[in-house]
Amino acid sequence: MTDRSPPLRAVRIEPKCPTCGKPADPKYKPFCRKRCADIDLGRWLKEGYRVETAEAPGEEDPDGPSSGGGSGASGQRG
Ligand SMILES: [Zn+2]
């Protein structure tokens, strides 16, 4: 039997730079260069920031609304 099946080639999906779509460089995987990585990172940071600020209107005052400038004489202690 001389049935030589073709060598199984490792299915390798070439990663592409998510920023520009160019073949990624193993050095900057999955980006093609540092610049693209920075751009993508910047996007992430921006989005993350936006999500953070999307919180409900601050209504958390564990210390109480009253603070400083109260009534009554209070001498300063050193
Ligand atoms: Zn790129």
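The values are calculated or read from the model by the stated rules, or taken from the named source; none is laboratory data. Keep in mind that what you see is a predicted model, and the values were worked out from it rather than measured. Note that we place each Cβ from the backbone using ideal geometry, even for glycine, and neighbour counts take in every protein chain shown.
Couple of notes before you dig in:
- Some residue of the range 45-68 being in a helix (DSSP H, G or I), within 16 Å of the ligand (Cβ to nearest atom), modelled with pLDDT under 90 and not basic (Lys, Arg): no
- Candidates are the residues of the range 24-44 that are in a helix (DSSP H, G or I) and acidic (Asp, Glu); the one that is nearest to the chain's Cα centre (by Cα) is ASP40.
- Pair list, Cβ under 7 Å, 6 or more apart: the range 16-44 residue surrounded by 13 or more Cβ atoms within 10 Å (Cβ to Cβ), other residue part of a strand (DSSP E or B) and not basic (Lys, Arg): LYS16/PRO23; CYS32/PRO23
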